[in-house]
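Participant: Handing you this structure, nothing more for now.
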Amino acid sequence: MKTDFDKSIAELEDLTKKLENPNMSLTESIELFNKGVTLSKKCLEVLEESKGKISLLTDEINNISKPFDIIE
């Protein structure tokens with residue numbers, strides 16, 4: 001099952017192909033471009049959220065795997 005992110009990327013690819021059509025009207029091109037910008041923002045938000053989650057998990061792993069201090 002595709003995630004919302006995967007669906008948005010696929011839709012962006014589809015929009016890109018449509019925008020390559022030289023016979024498309026300016027109005028339609030602007031509408032598709034606007035939709036692409038909205039989808040791009042949505043994808044960037046998901047990526048930033050994922051980056052934060054990965055950072056938290058990495059910090060957890062680093063804290064678990066730190067060697068014990070040897071007290072002499």
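The values are calculated or read from the model by the stated rules, or taken from the named source; none is laboratory data. Since the model is a prediction, treat every value here as computed from it, not as a measurement. Cβ placement follows ideal geometry from the backbone for every residue including glycine, while neighbour counts extend to all protein chains displayed.
Participant: Can you tell me which residues in segment 1-27 are among the hydrophobic types (A, V, I, L, M, F, W, C) and farther than 16 Å from THR38 by Cα?
Facilitator: Scanning segment 1-27 gives MET1, MET24, LEU26.
Participant: Say we look at segment 39-57 and pick out the residues that are among the hydrophobic types (A, V, I, L, M, F, W, C) and under 14 Å from THR3 (Cβ atoms); which of these is surrounded by the fewest Cβ atoms within 10 Å (Cβ to Cβ)?
Facilitator: LEU47
The rows are residues; the columns are (1) of a type in the set (A, V, I, L, M, F, W, C); (2) touching a helix residue (DSSP H, G or I) at 6+ places or on another chain (Cβ under 9 Å); (3) modelled with pLDDT of 95 or more; (4) assigned to a loop (DSSP other than H, G, I, E, B).
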| site | (1), (2), (3), (4) |
| --- | --- |
| LYS18 | no, yes, yes, no |
| ASN34 | no, no, yes, no |
| VAL37 | yes, no, yes, no |
| LEU47 | yes, yes, no, no |
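Participant: Just the residues that are loosely packed, with under 11 Cβ neighbours inside 10 Å and not acidic (Asp, Glu), please, taken from segment 1-20.
Facilitator: Correct list: MET1, LYS2, THR3, LYS17.
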